[in-house]
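A short worksheet on the structure shown next.
Where a number appears in this text, it was derived from the coordinates with a stated rule and is not lab data. Bear in mind the structure is a predicted one, so any value in this text is a computation, not a measurement. Virtual Cβ from ideal backbone geometry, glycine too; neighbours counted across all protein chains shown.
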Amino acid sequence: MNSVFLDREQVRAHRFEAVWTDELDKVFADVAPYYDKANLVASLGLWDAWRRRFVQTMATRPGARVLDVCAGTNAVGIELLKKEPELEVNAIDRSRDMQEVGQQRARERGMHIESTIGDVHALPFPDDHFDIVTLQFASRHLRLGEVLKEIQRVLKPGGYFHHCDMLRPGNRVVEEIYYVYLRGCLNVTAWLFNSGEAARGCRRYFVQALRMFYSPQEMSELLEDLGFDDIDYQPIFAGMLAFHQARKS
């Protein structure tokens with residue numbers, strides 16, 4: 001990793017490591033029962049459409065092996081199985097509460113998703129094992145360089161990594177408007193869903209983490225720096241959100 005990205009990752013870790021280590025498990029335990037509904041409200045009803053659009057960017061085939069990193073409530077894994085029922089979908093997340101919700105959602109639909117509770121910075125899977133790896137709406141809470149290296153390790157040569165997350169818009173005016181909206185959304189959803197102390201306490205963190213994160217173009221450059229090929233991305237809402245895909249050589 002070049003010095004620019006290495007410095008950014010070190011600054012992010014120094015600033016947020018305590019939150020990542022000590023607070024986020026409590027936050028996601030709190031929000032797990034209403035996580036998907038809250039995101040639907042915060043996105044003004046667009047959350048499900050974004051997920052479907054993200055999954056449609058993935059070229060799937062029967063029998064392909066998929067790993068959903070930071071799988072949360074298995075929303076992407078379920079959408080993938082709707083698209084191709086004969087996929088082998090594996091989910092890994094550190095939050096047992098989120099995965100319990102996700103496993104229940106999969107069972108209700110007659111689907112099987114293999115679940116692993118663990119640290120995504122050290123993926124417990126062999127080298128060159130998966131055809132597709134996905135990561136969505138979690139990168140801001142990770143030592144991202146470490147996770148991307150692990151994702152590259154477990155991907156088969158020629159396999160594709162698909163990433164979706166809220167990003168830092170390249171336009172400064174749009175960026176500041178975005179933060180105002182995000183702060184308002186966090187306050188509204190905390191009130192609407194009666195969030196617990198852990199979730200309410202991290203509202204400021206969620207905006208700060210985004211301020212120090214990557215723009216869509218910077219995310220592409222980071223993937224290239226780490227050795228991925230055929231990198232492409234689709235920005236949404238002036239770069240507030242983006243879908244990236246990249247191939248392992």
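Extension gain for His129-Gln217 works out to 28.8 nm (0.36 nm per residue, less the C-alpha to C-alpha distance).
Using a 7 Å offset from Cα along Cα-Cβ at Thr21, what residues in the range 97-139 end up with backbone N under 20 Å from the label point? Counting backbone N atoms under 20 Å from the label point, the list is 118-123, 139.
Using a 10 Å cut-off on Cβ atoms, rank the peptides 161-167, 61-67, 1-7 from the highest mean neighbour count down. The partial results should precede the final answer.
Details: 161-167: 23.9, 61-67: 16.7, 1-7: 12.0.
Listed from highest to lowest mean packing, they are 161-167, 61-67, 1-7.
Of the GluC sites (Glu not before Pro) found in the range 1-106, the ones in coil according to DSSP and having at most 11 other Cβ atoms within 10 Å of their Cβ are Glu86.
Estimated from helices alone, the mean residue ellipticity of the chain at 222 nm is -15000 deg cm²/dmol (sum of -39500 (n - 2.57) over DSSP H runs with n ≥ 4, per residue). Go through Lys83/Lys149; Lys83/Lys156; Lys37/Lys82; Lys82/Lys156 and tell me which ones have a Cα-Cα distance over 26 Å in this structure. Cα-Cα > 26 Å for Lys83/Lys149; rest within. Taking the fewest neighbouring Cβ atoms within 10 Å as the starting point, the ordered list for Thr60, Thr21, Thr73, Thr189 is Thr21, Thr60, Thr189, Thr73. Here the Gaussian network model covers the chain, with springs between Cα atoms less than 10 Å apart; of Gln103, Gln136, Gln56, Gln56 fluctuates the most.
Between Arg52 and Asn194, residue separation times 0.36 nm minus the direct Cα-Cα distance comes to 48.3 nm.
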